[in-house]
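The values are calculated or read from the model by the stated rules, or taken from the named source; none is laboratory data. On a predicted model such as this, the values are computed, not experimentally measured, just so you know. Positions of Cβ are backbone-derived with ideal geometry, glycine not excepted, and every protein chain shown enters the neighbour counts.
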């Protein structure tokens, strides 16, 4: 072919294609890497002697262009390119391009920039490197690449009369943020078609394609590369392919391809397929005749597979999970995600349980401008096939839930949260991916709330109907609230006077048989290990149902300065009941047995009890500060004494009030400043007391609290009279199947009501730094010289993969009864009245808790996991967990052993359980073994489960 050399030296690295395209597009705007004015453009034509081209800068003509062609940059001298490359880019030679097939832009951690290393340590500290595209012209281009000029460079170039241009040596063509390089290239001016041979490299943001041969349509950007390797930096993925087609929309179509998230050179797992598509626009990939191999061994096949390549959602099959359990057998799950619309989606999950049958779980989510919600249903499509130790054999098993939040306006909202199940064991037997607000008990609630008023006079009204589905086999049913109306608010009258108020009406009810009595052998099965829970209607005051109206109003006058505060407050509380389901004789016997006959007058019994009391409190405190230097660090050292006087008169006959949602609260340092020693509204605690306490802090200049210490005590000016007896609701005292010694517990409680002071309570927190802290809480009974509560906790989390937790807690309790294997108290005699005397044992809580997740020394990827909870009182392991976790950039393996005791097990005859759990996760494809016990690892505080 006859060649026409350009009028400048080949070593100047200009483009033959620049003049070719400009000659055919004389009106196209040119953006040159030179001093050409933005208002000018290059005009080129063949020289008269046909020895080359003559180009001149001419003014841009106004008007509409006839063709929307891509502009081409003019010549760039070799010296100018070398200067620019030395300043901003890395020169890419043929040899370096050849090495790209092996590295694919993977850079070892030690060679990354400081910022890149920090980001890697924070996100994936187990990775030994990361993909990092080198600097190049156009890398940071942010405009429209399709409209950007085409810029080409090479060592040598020539152009023939047949519209074919040839570029040789370090060929580079770029447009916007796209770039293709090769050893040689041929371009057709008429068709804008180009072919590239030898060490072909195609780049665009997050995508690298490397091959031996490529062809490209310059108008559309479509590229085909043969014998290729690729990397998708954002997806942390790479692979090989016989042929890769990069479509105009940036999607990739690969023939006979592989896909993995392992670093180059590591093929721990591979997904292979005859035809693979990777679409960064949707965030998903597909593979036909897909095979997943782990260490070269095929472990999974699917004729068609749909998998994510980023975190976006798209319709298709998600990764399957497979596992094995002793009760369910082989457990195989294949979810299908349906992206119905931007604001609607659904997940349909068929699940094969070899010992139970086929289970389907369907979840639908939706969102609109004023609300959002979801609905789900799950269950066996057949009757339960498991016979061994299964009380629900040959029965239908299902679970359903609906959740919805509606915003009618900025102030008015409504909510629905309803879940139900076929039986109490469903979640324990099958688990669920449905989004339940609570798994025990299940919520069944509908309500609405309105926020009214203004900044200085705000109020809230809510109306709810709340029912609970008890999912425990060994606990009482909770009360339902059908309905509950609450009106509350705060009014700031003037600059300092504040008025707060609350009104609450609730109707309490529950099933007739609500109280758990015991477990017995199921009468419908001959297997003694199949148990049935026995419930009854309860006894005495605890059978109460009905309505409760509670009202509270208070006026306070807070006065605050930089050196202290003083807040007087007057408050009135009232509670009224309208009760049913009570038997007068039962209630009298129950209350007299718990509180004593001298306290309970049968004539005071009523189904409409009421209690009202006014209270007065005066809360005050001082702030003292000084600057100090400790261990070379400047601190603000505070001393904050506080005193609060509280008076609440005693209101008698509160024993006749039911106990709907009320309990005595444990005593801590925070208890010093409460107005009521009971939670809920069923008791108004009498008080004539002065709380005294002091807090001291060390605060650094940036606000970090290095240390906080508080200690205080309540001085009582009169004995307390209101309390809740433990021995309520039992006809026979003491009950033979309850291991708690209620009589002794109530005796201690009554003695504490006459103490002149409360326990001495303290809290201490010291933060050695932002990753290590120690906390201590205790309450010391100064009247009986007894430690009531103590807790000591140490936390250290220096890095993401490192956490160490040590804890010890103690609580003094009266002795409990010893039980036999059937759960009956062991009788050792009778008292003078013929009542049984049961064997007792120490019941103090003395427990240690050690947990950790820590990299194994001399390794990069291995992490040791462990937790040990031990009951020092009863000399038993509550939980033991030991395992290891392996993390790499492409997969994760987690293996651990766990032994545990259920919280409702017989203390004297526990039934320890144990299991081995294994989890294998392919990063980028997901978990192929199910959850496999990861919920048990949540007890390791500070440990984070990473599965992406």
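Observations, loosely collected:
- Checking 212, 121 one by one, the residue that is at pLDDT below 90, under 49 Å from the mean Cα position of the chain (by Cα) and not assigned by TED's automatic domain parsing to the domain that holds residue 888 is 121 and no other.
- Applying the criterion of being outside any strand (DSSP E or B) and in contact with a helix residue (DSSP H, G or I) (Cβ under 8 Å, 6 or more places away or on another chain) to the residues of region 219-267, the residue that is surrounded by the most Cβ atoms within 10 Å (Cβ to Cβ) is 221.
- Among the residues of region 766-778, those that are without any contact (Cβ under 8 Å) to a residue 60 or more places away in the chain and either part of a strand (DSSP E or B) or in contact with a helix residue (DSSP H, G or I) (Cβ under 9 Å, 6 or more places away or on another chain) (or both) comprise 772, 773, 774, 775, 776, 778.
- Among the residues making up region 142-155, those that are buried (at least 17 other Cβ atoms within 10 Å of the Cβ) and assigned to a loop (DSSP other than H, G, I, E, B) are 148, 149, 154.
- Residue 881 vs. criteria in contact with a helix residue (DSSP H, G or I) (Cβ under 7 Å, 6 or more places away or on another chain), under 30 Å from residue 763 (Cβ atoms) and crowded, with 17+ Cβ neighbours inside 10 Å: yes
- Members of region 162-194 that are under 13 Å from residue 221 (Cα atoms) and either under 47 Å from the mean Cα position of the chain (by Cα) or crowded, with 18+ Cβ neighbours inside 10 Å (or both): 173, 174, 175, 176, 177, 178, 179, 180, 192, 194
- Any hit, region 667-675, residues being without any contact (Cβ under 8 Å) to a residue 12 or more places away in the chain and closer than 28 Å to residue 506 by Cα: yes
- Residue list for region 593-604, restricted to those being surrounded by fewer than 17 Cβ atoms within 10 Å (Cβ to Cβ) and in contact with a helix residue (DSSP H, G or I) (Cβ under 8 Å, 6 or more places away or on another chain): 599, 602, 604
- Condition met for residue 788 (surrounded by 19 or more Cβ atoms within 10 Å (Cβ to Cβ) and part of a helix (DSSP H, G or I)): no
- Within region 558-580, at least one residue is surrounded by 15 or more Cβ atoms within 10 Å (Cβ to Cβ), more than 30 Å from residue 492 (Cα to Cα) and in contact (Cβ under 8 Å) with a residue 12 or more places away in the chain.
- Scope region 268-286; condition assigned to a loop (DSSP other than H, G, I, E, B), touching a strand residue (DSSP E or B) at 6+ places or on another chain (Cβ under 8 Å) and surrounded by fewer than 17 Cβ atoms within 10 Å (Cβ to Cβ); matching residues: 283
- Residues that are surrounded by 18 or more Cβ atoms within 10 Å (Cβ to Cβ) and under 23 Å from the mean Cα position of the chain (by Cα), drawn from region 125-141: 126, 127
- Number of the condition not met by residue 712 [criteria: (1) within 19 Å of residue 838 (Cβ to Cβ); (2) buried (at least 19 other Cβ atoms within 10 Å of the Cβ)]: (1)
- Of the residues in region 723-731, not one is surrounded by fewer than 18 Cβ atoms within 10 Å (Cβ to Cβ), under 44 Å from the mean Cα position of the chain (by Cα) and either part of a loop (DSSP other than H, G, I, E, B) or modelled with pLDDT of 90 or more (or both).
- Taking region 349-360 as the range and being exposed (fewer than 15 other Cβ atoms within 10 Å of the Cβ) and assigned to a strand (DSSP E or B) as the test, the residues that pass are 358, 360.
- Extreme residue, nearest to residue 589 (Cα to Cα), among residues of region 526-554 that are at pLDDT 85 or above and part of a loop (DSSP other than H, G, I, E, B): 539
- Scan region 287-309 for residues that are part of a loop (DSSP other than H, G, I, E, B) and surrounded by fewer than 17 Cβ atoms within 10 Å (Cβ to Cβ) and the total you get is 2.
- Yes/no for residue 807 being on the phi > 0 side of the Ramachandran plot and surrounded by 15 or more Cβ atoms within 10 Å (Cβ to Cβ): no
- In region 439-454, the residues that are at negative phi and touching a strand residue (DSSP E or B) at 6+ places or on another chain (Cβ under 8 Å): 441, 442, 443, 444, 445, 446, 447, 448, 449, 450, 451, 452
- Residue 781 surrounded by fewer than 19 Cβ atoms within 10 Å (Cβ to Cβ), free of Cβ contacts under 8 Å to residues at least 40 places away in the same chain and in contact with a helix residue (DSSP H, G or I) (Cβ under 9 Å, 6 or more places away or on another chain): yes
- Test set (1) surrounded by fewer than 16 Cβ atoms within 10 Å (Cβ to Cβ); (2) at pLDDT below 85; (3) farther than 25 Å from residue 787 by Cβ - residue 903 fails condition number: (3)
- Check on residue 486, at pLDDT below 95 and assigned to a strand (DSSP E or B): no
- Considering residues of region 489-498 that are touching a residue at least 40 places away in the same chain (Cβ under 8 Å) and assigned to a strand (DSSP E or B) only, the residue farthest from the chain's Cα centre (by Cα): 497
- One residue stands out among those in region 890-905 that are touching a residue at least 40 places away in the same chain (Cβ under 8 Å) and touching a strand residue (DSSP E or B) at 6+ places or on another chain (Cβ under 8 Å): the one that is nearest to residue 867 (Cα to Cα), which is 896.
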